[in-house]
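The values are calculated or read from the model by the stated rules, or taken from the named source; none is laboratory data. It should be emphasised that the depicted structure is a prediction, and the values quoted were computed from it without experimental measurement. Heads up, the Cβs are rebuilt from the backbone with ideal geometry, glycines too, and the neighbour counts pull from every protein chain shown. We work out accessible area using only protein heavy atoms, side chains counted, and drop any ligands, DNA or RNA first. Shrake-Rupley method; radii C 1.70, N 1.55, O 1.52, S 1.80 Å.
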Amino acid sequence: MQDVIKMEIENTEFDGLKIIRSKKFSDRRGSFLKLHNYEVFSSIGIDCQIQEIYTSVSKKAVVRGLHYQKAPYAHSKIIFCLVGEIFDVALDIRKSSSTYGEYFSMKLSAESCAGLFIPPGFAHGFQSLKDDSIIVNACSIGYAPDYESGVLWDSCGIEWPIQNPILSDKDRAQPPFQTVRG
């Protein structure tokens with residue numbers, strides 16, 4: 001069972017933003033995939049104690065985001081796609097960062113067994129590339145509606161794979177990046 005807890009954590013060019021690679025174990029019963037391991041994360045300096053976990057199901061072309069919570073409720077997130085495929089985006093809104101205003105993106109899918117660890121200071125969003133894509137989002141701090149904020153999805157140069165996305169009224173009304181204070 002020792003192999004089950006092994007996860008690979010890769011750095012990105014963004015300070016604190018990590019790619020999580022987990023191994024899926026399959027047999028005649030089905031499969032097993034570990035999404036978080038506190039000891040593995042702690043061993044590389046990530047303190048991510050999960051306080052809230054939720055899922056969302058999205059139709060193809062839906063964009064959800066770009067969302068974040070302001071201090072003192074800024075949180076880190078762990079994102080995995082369990083069904084389907086998404087184009088996942090983390091936008092650096094840390095004004096003191098050398099990558100401020102830049103974004104990281106990658107496709108996440110059930111087949112890839114990859115996820116993202118997104119530290120505080122990033123706005124997060126994704127576009128569903130297949131119908132009924134399911135993501136799991138584990139957060140270090142619970143939802144705080146008085147501290148939630150966002151960035152308009154098309155205001156920061158992200159090259160979304162599917163044009164004319166499906167958006168909520170809330171996401172359509174987010175402020176443009178130029179007016180956001182991280």
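Here are some notes:
- Among the residues of segment 84-96, just one is more than 15 Å from the chain's Cα centre (by Cα) and under 23 Å from I50 (Cα atoms), namely R94.
- Of S105, S98, S112, all but one fail to be open to solvent by 10 Å² or more (accessible area, probe 1.4 Å) and at pLDDT below 95; the exception is S112.
- Selection from segment 80-96 of residues that are in a loop (DSSP other than H, G, I, E, B) and of a type outside the set (A, V, I, L, M): G84, R94, K95, S96
- Exactly one residue out of G157, G182 is outside any strand (DSSP E or B), small (G, A, S), at pLDDT below 95 and open to solvent by 40 Å² or more (accessible area, probe 1.4 Å), and it is G182.
To keep it simple, each residue is scored yes or no on (1) within 17 Å of the chain's Cα centre (by Cα); (2) in a loop (DSSP other than H, G, I, E, B).
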{"position": "I9", "(1), (2)": "yes, no"}
{"position": "S31", "(1), (2)": "no, no"}
{"position": "E39", "(1), (2)": "no, no"}
{"position": "S42", "(1), (2)": "no, no"}
{"position": "T55", "(1), (2)": "yes, no"}
{"position": "G65", "(1), (2)": "yes, no"}
{"position": "A74", "(1), (2)": "yes, yes"}
{"position": "I78", "(1), (2)": "yes, no"}
{"position": "S98", "(1), (2)": "no, yes"}
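- Checked against (1) in contact with a Ser or Thr (Cβ under 8 Å, 6 or more places away or on another chain); (2) in contact (Cβ under 8 Å) with a residue 40 or more places away in the chain, P176 passes all but a single condition, namely (2).
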